[in-house]
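Structure record follows, encoded as structure tokens.
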Amino acid sequence: MRRISAFLLTVLFMAGLISFPAQSAKSVYFTAVDVNMLELTDETMPFWSGGYLYVDSRIFSGLTLDYGTLYHSRNISKQTLALYTNRNIRSLVFYLDSGITIDGDGRTYHAQAILKGDVVFVPIVIVANFFELRYSTITVNHGTLVRLTVDQDPILSDSAFVDAAADWIEVRYEEYLKTQTSTSTTTPTTPDVPSIPEDGNIIQLAFQVTADSVAANWLSLLETTGGQATFFFTATDLEGQGDLLRQMLAQGHTIGLVVDQTLETPALEQLTQGNQTLYQATTTVTQLVYNISEEDLDAVLQEGYCPISPQVDVSESGLLTNNGASVTMAQIDRIDGIVTVWLGSSTSQTGLSALLNYGAAGNDRFYRLTLLSTQL
């Protein structure tokens, strides 16, 4: 029952990440910089991709920091976007053609810029952390507010700002609705929405990596078959796994966090710790989480995390043999479309190899979990 209720709440939460027909109430992402509510348009609206919240890169232009003004410079011919300060120069350069992000000290970042139409979007967590800015996501009427502030402790707290900006939120939303046509029913495409193959399924394998698991073998098999998956860690198990984490991301997989319910440490504290460790190792963070209790669910959702709820769970028996793979595939075949499979930590090379082979024979695709695909 807990898993079902978690799934339903997750779907409700994620509804703000897709577009609905204009006659339905549409959940949107507003943007505010300090105390200014920006115009709300489809072209500039924030969105999630690959575990990152992306925002229009132009919102950083002209911000006055302690060490200079923040400038925005796009070079169309060189396919670059640069964010930099004019004093005590700090710079982040996003290469749109190669997907590389590099700072003025030569450090590279896994997160890349995304070009949508004529707008370059960047992951807000990377830019905010680099330039020592503050951002927050706040649930408001009609959707979510993404607020960026120069000060870490702004004069108007988030709650006070939302109260003060309530009328502006309504104005921006009404302006936005007027731009929508009654015939618009299409869902914008994003880099993270998989297409379901004809006569097959999208299978999203979710592993839990522990000290005793054989993650290297899983990666090798997935690389051989071209499959992708999601690998979940507790905050403790992330420690010292930098090379493994970077390998996972380089091969196109995603990473999630597991709450250890045996610990007295609060769930949100575990997730924060896990993302701090993940960011230090890979300059990425994740919103995908698992094993969230009913008591923690509302708080976890409010913080922007996406609890997953797999349709198939074989973690107790493990995926260890050819027969186990056959039974697992039979469970998957009862479901159409996108199927999330929680394998846990007990998966052998034999079992995974057999499952991947069964999937290939059935025209299935093995794809990583994404924020968007969890609710399709």
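The values are calculated or read from the model by the stated rules, or taken from the named source; none is laboratory data. The model shown is predicted, which means the values in this text are computed figures rather than measured ones. We place every Cβ from the backbone using ideal geometry, glycine too, and count neighbours over all the protein chains shown. To get the accessible areas, we keep the full protein, side chains included, count just its heavy atoms, and leave off ligands, DNA and RNA. Shrake-Rupley method; radii C 1.70, N 1.55, O 1.52, S 1.80 Å.
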| TRP168 label point, 7 Å along Cα→Cβ, cut-off 13 Å on backbone N: hits in segment 119-149? | 146-149
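Starting from segment 275-314, pick out the GluC sites (Glu not before Pro) whose DSSP state is loop and whose Cβ has at most 16 other Cβ atoms within 10 Å.
Numbers: sites: GLU294, GLU295, GLU303; in loops: GLU303.
Here the sparse-neighbourhood loop sites are GLU303.
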| note | Sorted by chain and then number, the residues having a modelled amide H within less than 5 Å of the amide H of ASP313, at least 5 places away or on another chain, are TRP342
| note | Scalar couplings 3J(HN,Hα) for segment 238-253 by Karplus 6.51 cos²θ - 1.76 cosθ + 1.60 (θ = phi - 60°), nearest whole Hz, x for Gly and Pro, are 6, 4, x, 10, x, 4, 5, 4, 5, 5, 4, 5, 5, 8, x, 8
| query | Can you pull the percent of segment 97-189's accessible area that's carbon plus sulfur, 1.4 Å probe, other chains left in place? | reply | 50 percent
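Using DSSP to call loops (not H, G, I, E or B), can you name the trypsin sites (Lys or Arg not before Pro) in segment 106-157 whose Cβ has at most 13 other Cβ atoms within 10 angstrom?
Numbers: sites: ARG107, LYS116, ARG134, ARG147; in loops: ARG107.
For trypsin sites (Lys or Arg not before Pro) across segment 106-157 that sit outside H, G, I, E and B with at most 13 neighbouring Cβ atoms in 10 Å, the list reads ARG107.
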| said: Using amide H atoms built in the peptide plane, which far-off residues or other-chain residues are under 5 Å from LEU65 H to H? | reply: LEU70
| task | Quote the convex hull volume per residue of segment 263-329, based on C-alpha atoms, as a whole number of Å³. | result | 140 Å³
| query | What is the Cα radius of gyration of the chain over 2.2 N^0.38 Å, N being its residue count? | reply | 1.02
| note | Going residue by residue through segment 49-55, the Karplus relation 6.51 cos²θ - 1.76 cosθ + 1.60 with θ = phi - 60° gives ³J(HN,Hα) values, rounded to whole Hz and with x marking Gly or Pro, of 7, x, x, 10, 8, 9, 10
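Using Cα pairs closer than 8 Å and at least 6 residues apart in sequence, work out the relative contact order for segment 220-375, in percent.
Numbers: 217 pairs, mean separation 37.2, N = 156.
About 24 percent, as a whole number.
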| message | Taking amide H atoms as placed 1.01 Å from N in the peptide plane, list the residues 5 or more away in sequence, or in a different chain, whose amide H sits under 5 Å from that of GLY256. | response | PHE231, PHE232, PHE233
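Based on a Kirkwood Rh over C-alpha pairs, give the Stokes-Einstein translational diffusion coefficient of segment 201-343 at 10 °C and viscosity 1.306 mPa s in µm²/s. Let's see the in-between values first.
Numbers: Rh = 15.9 Å.
Answer, rounded: 100 µm²/s.
How many percent of all Cα-Cα pairs in segment 21-88 sit more than 18 Å apart? Don't skip to the end; give the middle numbers.
Working: 1261 of 2278 pairs.
Roughly 55 percent, once rounded to a whole number.
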| remark: For segment 275-318, the accessible surface attributable to carbon and sulfur atoms (probe 1.4 angstrom, ligands and nucleic acids excluded) amounts in percent to 37 percent
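Antiparallel DSSP bridges in the chain: what percent, to the nearest 5? If you can, show how the numbers build up before the last one.
On the way: 36 of 65 bridges.
So the antiparallel bridges amount to about 55 percent of the total.
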| remark: Sequence order, segment 304-321: Karplus ³J(HN,Hα) from phi using 6.51 cos²θ - 1.76 cosθ + 1.60, θ = phi - 60°, Hz rounded, Gly and Pro as x, gives x, 7, 10, x, 8, 9, x, 7, 10, 10, 10, 5, 5, 7, x, 9, 10, 9
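Provide the per residue accessible area, probe 1.4 Å, for segment 258-360, rounded to a whole number of square angstrom.
Values: 4600 Å² over 103 residues.
Solvent-accessible surface per residue comes out at 45 Å².
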| task | Could you pull out the trypsin sites (Lys or Arg not before Pro) across segment 317-376 that fall in loop regions by DSSP (anything but H, G, I, E, B) with no more than 13 other Cβ atoms inside 10 Å? | result | ARG334
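Can you give me the accessible area per residue for segment 39-96, using a 1.4 Å probe, in Å²?
Numbers: 2760 Å² over 58 residues.
On a per-residue basis, segment 39-96 sits at 48 Å².
Computed FRET efficiency, Cβ-Cβ of THR139 and ASP118, R0 41 Å: what is it to the nearest 0.05? Walk me through the intermediate numbers first.
On the way: r = 30 Å, r/R0 = 0.73.
Approximately 0.85, to the nearest 0.05.
How big is the antiparallel share of DSSP beta bridges in segment 226-376, given as a percent to the nearest 5?
On the way: 0 of 11 bridges.
In segment 226-376, approximately 0 percent of DSSP beta bridges are antiparallel ones.
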